[in-house]
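Following: one structure in structure tokens, then a few remarks.
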Amino acid sequence: MISGRIILNREIAKDHFLISLKLSNHFGSAESPFQGTSPGQFVMLRVKGKEFPLLGRPMSIYSIYPGDNGFIIELLYMVVGKGTYIISRLKPDEEVYILGPLGRGFDIFPDRGCVVLVAGGVGIAPLSFLGEHCRKGAVNRSLKIICYVGARRSDLLVGLDRMGEMCSDIRISTDDGSRGYHGFVTELFQRDIISFSSSDSVVYSCGPSPMMKRLAEVLKDHPVPCQVSVEERMACGVGACLGCTINTKSGYKRVCKDGPVFDIKAIDWE
Amino acid sequence: MSVNIGDLELKNPVMTASGTFGYGEEYSHYIDLNRLGALIVKGISFGKREGNPPHRIMETPCGMLNAIGLENVGVRSFVDDKLPFLEKFDVPVIVNIFGETVSEYRRVAEALSNVRGVSGLEVNISCPNVSKGGVEFGADPGVAYEVTREVKSVTDLPVMVKLTPNVTSIVEIAESVEEGGADTISLINTLKGMSVDIEERVPYLKNITGGLSGPAIKPLALRMVWEVVNRVSIPVIGIGGIMNATDAIEFLIVGAGAVQIGTANFVNPRATIDILEGIEDYLIKHGIHDINDLIGTLKV
């Protein structure tokens, strides 16, 4: 666990925050644990010196890059309860604890020419990191990255600018029709599904559970590989407490250690 | 810093609490397991258990509720797959055991006796999250006595019995397990509680109720340890909301021979080591050369 000094903690849409942290060097070790962080991994962010919130809050990594003498990490989060509300009130220069990077990230398929990202709300964070990673590591200059982004309303669409820079195409939906396609992002994706070759494409998704459940339904009979990053309330973040399990077709799995990335077909969405 | 807990000699009084430290490996990247007084692993039943459906946890003010349901790999897989990793360390491993029937407790105890790398058993008669076994055994003095006696009859390992606070008189249960032959008593397990989502009007835990742990329960745990220490003559291990060295020292002063660290591991993976170092600092600051000169020194 290391200290992170807040550089900024800004509300970018109603109840949606971007927090940027400067991570201290790992105590007693020359190498930062964040060396080689992979897209889809997460951190536990905990407020210092408080007994509430007691536990850290798991957040997917939005971006990470070397700063002077340490790493800078960015996270996107939504205020959903008292814990995230308290985090949202923290000011620049205040410090938090960061444990990570944790979990198993997305599998990369370098031989596939088309990466399809399906994002809902702050779920865009790990997909943006992934898109950037794929773009940088692309052997094939013609790699296509297509991103579907959905939100309830146009003012709740976050992370579009950065996503736009790395994507060949960005397709937007809102539940109320205030921007882009009027309806769910999974419907928008379903309309195009026939254009994605199952042998040359790979789909990655992150968003609210009902959205990913609909995506699972859409992809039920489709052979294209799809990986999703899921969330669950966590205590330890390291696989010890067994608190964050989800139901999969091969029994309960720990989101923190066996995930947070799973094959969409492996999860029991019921 | 060394303490004797019955026949167990520990290099210090800081142990991990069962269910909060996995099988040890999960935390081995964060701390040096060799420094622990003892390591108590996740509760083991005879066969593998899937545990309860999610959601299993919820944070509450200064604490958390859990209803894991004793998910574990079963005794055979524990011995074959989990224990070898721990043998690399110089730390006594105490295995928390659990059964749905008295005979299952006996079978698990038998399976772990004469296994290299197992230094003791902690008998869990106190889990609030399973429908059979667990709390029922720990809530009835007669049954608590019987489970303890059965386990003792099949093993030469030191036997620690872990008590539930969800009873009218924990002292009565403590006396029963002492009579049943327990070498040590550990307390407390979690307090049964619940939490409701008022928007959906559903419990936050699928199991409806769960066990409350964390700083919220510490004063109550401390009071119960104090009461039990005054009534039994076997060593007592203090558990319940210990987050830092001050908390741990409070338990030692009221008479706990050692402490177990639980929820604090989730908050800070280095909690056990921070607590250990904090106790050492306290001893130095107060000119105490032997930790045993601190244990049970409450002035009333």
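Each value in this text was obtained by applying a stated rule to the coordinates, not by laboratory testing. Predicted model, so just to flag it, every value in this text is computed and none were measured. Reconstructed Cβ throughout: ideal geometry from the backbone, glycine too, with neighbour counts over all protein chains shown.
What is the set of long-range amide H partners of A:Val224 at a cut-off below 5 Å, with H atoms built 1.01 Å from backbone N?
none
Please work out the ratio of the alpha-carbon Rg of the protein assembly as shown to 2.2 N^0.38 Å and round it to two decimals.
1.03
Measure up A:Lys265/B:Lys88; A:Lys144/A:Lys265; A:Lys257/B:Lys48; B:Lys162/B:Lys299 against 30 Å on the Cα-Cα distance and list the ones that go over.
A:Lys265/B:Lys88
On a C-alpha basis, how far is the centre of segment B:165-186 from the centre of segment A:203-253 in Å? Whole number, if you could?
43 Å
Using a Förster distance of 22 Å, how high is the FRET efficiency between A:Lys249 and A:Asp221, based on the Cβ-Cβ distance and rounded to 0.05?
So the FRET efficiency works out to roughly 0.85.
Mind pulling up the Rg/Rh value for segment A:2-102? Radius of gyration and Kirkwood radius, both on Cα.
Ratio of gyration radius to Kirkwood radius for segment A:2-102: 0.94.
A:Lys48: which lysines have alpha carbons under 22 Å from its alpha carbon, excluding same-chain residues fewer than 8 sequence positions away?
Excluding near neighbours in sequence, the set is A:Lys22, A:Lys82, A:Lys91, B:Lys218.
Output the DSSP H helices from chain A with an along-axis C-alpha extent of no less than 18 Å and a mean Kyte-Doolittle hydropathy no less than -1.0.
Flagged H segments are A:124-137.
Could you give the length gained by full extension between A:Lys50 and A:Asp200, i.e. 0.36 nm per residue of separation minus their alpha carbon distance, to one decimal place?
Result for the pair: 49.1 nm of gain on full extension.
What ³J(HN,Hα) values, in whole Hz, does the Karplus curve 6.51 cos²θ - 1.76 cosθ + 1.60 give for segment B:28-43 when θ = phi - 60°, with x put for Gly and Pro?
Result, ordered by residue: 5, 7, 9, 9, 7, 4, 4, 7, 6, x, 7, 10, 9, 8, 3, x Hz.
I need the trypsin sites (Lys or Arg not before Pro) found in segment A:153-236, filtered to DSSP loop residues with at most 12 other beta carbons within 10 Å of theirs.
Answer in residue order: A:Lys220.
Can you list the aspartates and glutamates whose alpha carbon sits under 12 Å from that of B:Lys152, skipping same-chain ones fewer than 8 residues off?
Cross-link targets: B:Glu110, B:Glu122, B:Glu178, B:Glu179, B:Asp183.
Looking only at segment B:112-243, where both bridge partners belong to it, what percent of the DSSP beta bridges are antiparallel (to the nearest 5)?
Once the DSSP bridges in segment B:112-243 are tallied, antiparallel ones form about 40 percent.
Computed FRET efficiency, Cβ-Cβ of B:Ile253 and A:Tyr65, R0 41 Å: what is it to the nearest 0.05?
Result of the calculation: an efficiency of 0.25.
Subtract the Cα-Cα distance of A:Arg191 and A:Asp176 from 0.36 nm times their separation in residues, and report this length gain in nm to one decimal.
Full extension from A:Arg191 to A:Asp176 adds 3.6 nm.
Most mobile of B:Asn189, B:Asn34, B:Asn124 per a Gaussian network model of chain B (Cα springs, under 10 Å)?
Result: B:Asn34 has the largest fluctuation of those listed.
What are the ³J(HN,Hα) couplings of segment B:226-236, residue after residue, when phi is run through the Karplus curve with 6.51, -1.76, 1.60 and θ = phi - 60°? Round to Hz, x for glycine and proline.
Ordered by residue, 3J(HN,Hα) equals 4, 5, 5, 3, 6, 10, 10, 9, 8, x, 10 Hz.
In the P(r) worked out for segment B:3-293, what percent of Cα pairs fall beyond 32 Å?
The proportion of pairs with Cα distances above 32 Å equals 18 percent.
What are the ³J(HN,Hα) values, in whole Hz, obtained from phi via the Karplus relation 6.51 cos²θ - 1.76 cosθ + 1.60 with θ = phi - 60°, for each residue of segment B:168-176 in sequence order, with x given for Gly and Pro?
Per residue, the Karplus-derived 3J(HN,Hα) values read 6, 9, 5, 5, 4, 5, 4, 5, 5 Hz.
How do A:Arg135, B:Arg49, A:Arg254 rank when sorted from fewest to most other Cβ atoms within 10 Å of their own Cβ?
Neighbour counts put them in this order, fewest first: A:Arg135, B:Arg49, A:Arg254.
Suppose each label sits 7 Å from its Cα in the direction of the beta carbon; what would the B:Asn292-A:Ser209 distance come out to in nanometres?
Reported label-point gap for B:Asn292 and A:Ser209 is 5.3 nm.
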